[in-house]
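**Student:** Sharing a structure with you now.
The values are calculated or read from the model by the stated rules, or taken from the named source; none is laboratory data. Computed from a predicted model, the values in this text were never measured in an experiment. Reconstructed Cβ throughout: ideal geometry from the backbone, glycine too, with neighbour counts over all protein chains shown. SASA here: full protein model, heavy atoms, side chains in, ligands and nucleic acids out. Shrake-Rupley method; radii C 1.70, N 1.55, O 1.52, S 1.80 Å.
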Amino acid sequence: MAGVKEEKTNYIKFLGTAGARFVMIKQLRASGGLWVSCGASNILIDPGPGSIVRCASSRPKLDPGKLDAIILTHRHLDHANDINVMIEAMTEGGFKKRGVVFCPSDALGDNSVILRHAAGFPEKIQIIKANRSYRAGDFSFTTSMPHIHPCETYGLKFNIKNTSVGLISDTRYFPELVDFYKTDILVIAVVFYEPRQGIDHLSLKEAEMIIAELKPRKAVLTHFGMTMLKAKPLLQAQRLSRALGVEVIAAYDGMTLDL
Ligand SMILES: [Zn+2]
Ligand SMILES: [Zn+2]
C-alpha cells in the first residue's frame with residue numbers, strides 16, 4: 001500500500017547522548033535513553049528527561065505503546081526522569097496492563113522513582129540484581145557485576161540476532177569491568193575527558209583502556225559530560241580508532257545502529 005513502509009527491526013536508536021548533570025540540564029545533548037528493537041520486541045533503556053518527546057519527534061515515530069519493557073540501569077535523573085510518563089505511555093495511559101519494568105531495588109522503596117499510581121500499570125516490576133539474566137518478549141539481557149556509582153547500578157549485555165552488545169552504564173573505572181563486557185559492540189558512558197578523582201564516572205582515558213583490552217568490533221562512545229563535548233567526541237573517536245585499530249564512533253542524538 002502506498003505510504004506504508006516496512007518497519008525496521010533489530011536496531012538501537014540513541015534518543016539521547018547527554019551524560020551527567022550539566023549537559024542534561026542545558027540539553028546540549030538530548031537525554032532520552034536508548035530504544036532497542038529486537039525482533040518483534042521493543043525495549044527502552046534509561047528514559048532520562050525528554051524521552052517521551054524524543055519518541056514522538058523521532059522519524060519514523062517511535063510508539064511507546066509498543067514497548068515490551070523499560071530498563072533502568074540506575075535511579076539517577078539522567079536515566080530515570082521519564083520513567084513514569086513512559087510507563088503511562090507503554091500501558092496506554094494505564095488502561096492496558098502490559099510490559100515489564102526492570103530496575104535495581106533502590107529505585108523503589110521509600111524514595112521510589114516510580115510513583116505509586118504508575119507502579120500498578122505494568123504487568124510486572126522486576127528488581128534486577130547482579131549477574132542475572134532476564135527476558136521480555138524476544139529480548140533477553142544479562143546484568144553486570146555491581147558498578148561503582150553512588151547508587152545501585154548495573155550495566156547490561158544482550159544479543160540482537162547474532163551480534164552481542166555491551167552497555168557500560170555509569171561507573172568508576174575498576175579493572176574487573178572488562179571481565180563482563182566482551183562483546184561485538186560495546187557502548188560506553190564516557191562522561192569525562194580526563195579522569196577525575198572521587199567522582200564515579202568513566203573518562204576517555206579509561207574507556208580507551210577498556211576498548212584496547214576488549215577489542216570489540218565496534219565501540220560507541222556516549223553519555224557525554226561537558227569536558228567530553230568540549231574535546232569534540234567525533235575527533236576523539238577518530239583518534240581512538242587510529243590508535244587502537246578498532247572502529248570507535250561517537251554517538252549523536254538520533255543515531256541508529258542497525259544490527
Ligand atoms: Zn548518567
Ligand atoms: Zn548515574
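**Student:** For segment 146-163, give me each residue that is open to solvent by 50 Å² or more (accessible area, probe 1.4 Å) and within 15 Å of the chain's Cα centre (by Cα).
**Tutor:** Those that are open to solvent by 50 Å² or more (accessible area, probe 1.4 Å) and within 15 Å of the chain's Cα centre (by Cα): K157, N159.
**Student:** Just checking, which of A219, A189 is more than 16 Å from ligand 1 (Cβ to nearest atom), under 28 Å from Q27 (Cβ atoms) and either of a type in the set (F, W, Y) or not in a loop (DSSP other than H, G, I, E, B) (or both)? Step through it out loud before you land on a result.
**Tutor:** On the way: A189 fails: more than 16 Å from ligand 1 (Cβ to nearest atom).
After ruling out the rest, the residue left standing is A219.
**Student:** Sort out which residues of segment 164-175 are touching a strand residue (DSSP E or B) at 6+ places or on another chain (Cβ under 7 Å) and either open to solvent by 20 Å² or more (accessible area, probe 1.4 Å) or among the aromatic types (F, W, Y) (or both), and write them in order of number.
**Tutor:** From segment 164-175, those touching a strand residue (DSSP E or B) at 6+ places or on another chain (Cβ under 7 Å) are 164-171, 173; that's our starting set.
The answer is S164, Y173.
**Student:** Of all residues in segment 213-240, how many are open to solvent by 30 Å² or more (accessible area, probe 1.4 Å), more than 25 Å from L259 (Cα to Cα) and touching a residue at least 12 places away in the same chain (Cβ under 8 Å)?
**Tutor:** Going through segment 213-240 one residue at a time, the tally reaches 4.
**Student:** Has segment 143-154 got at least one residue that is touching a residue at least 12 places away in the same chain (Cβ under 8 Å), within 16 Å of ligand 1 (Cβ to nearest atom), within 22 Å of L259 (Cβ to Cβ) and not in a strand (DSSP E or B)?
**Tutor:** no
**Student:** Separate question: Touching a Lys or Arg at 6+ places or on another chain (Cβ under 6 Å), open to solvent by less than 70 Å² (accessible area, probe 1.4 Å) and either within 16 Å of ligand 2 (Cβ to nearest atom) or over 28 Å from Y11 (Cβ atoms) (or both), is that true of D184?
**Tutor:** Answer is no for this residue.
**Student:** While we're looking at this one, here's another question. Output the residue which, of all residues in segment 187-212 that are modelled with pLDDT under 95 and away from ligand 2 (no atom under 16 Å from the Cβ), is surrounded by the most Cβ atoms within 10 Å (Cβ to Cβ).
**Tutor:** So, considering only residues that are modelled with pLDDT under 95 and away from ligand 2 (no atom under 16 Å from the Cβ), the one surrounded by the most Cβ atoms within 10 Å (Cβ to Cβ) is P195.
**Student:** Between residues in segment 48-76 that are closer than 18 Å to A18 by Cα and residues that are of a type in the set (F, W, Y) and within 16 Å of ligand 1 (Cβ to nearest atom), which pairs lie under 7 Å by C-beta distance while being six or more apart or on different chains?
**Tutor:** Close Cβ pairs (under 7 Å, with a partner that is of a type in the set (F, W, Y) and within 16 Å of ligand 1 (Cβ to nearest atom)) amount to T73/Y154.
**Student:** Something else about it: Which residues, taken from segment 155-186, are assigned to a strand (DSSP E or B) and touching a residue at least 40 places away in the same chain (Cβ under 8 Å)?
**Tutor:** G155, L156, F158, I160, T163, V165, G166, L167, I168, I185
Each row is one residue, and each column tells you yes or no for (1) open to solvent by 20 Å² or more (accessible area, probe 1.4 Å); (2) within 13 Å of L44 (Cα to Cα); (3) within 17 Å of the chain's Cα centre (by Cα); (4) within 16 Å of ligand 1 (Cβ to nearest atom).
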site: V101; (1), (2), (3), (4): no, yes, yes, no
site: P104; (1), (2), (3), (4): no, no, yes, yes
site: A119; (1), (2), (3), (4): yes, no, no, no
site: P122; (1), (2), (3), (4): no, no, no, no
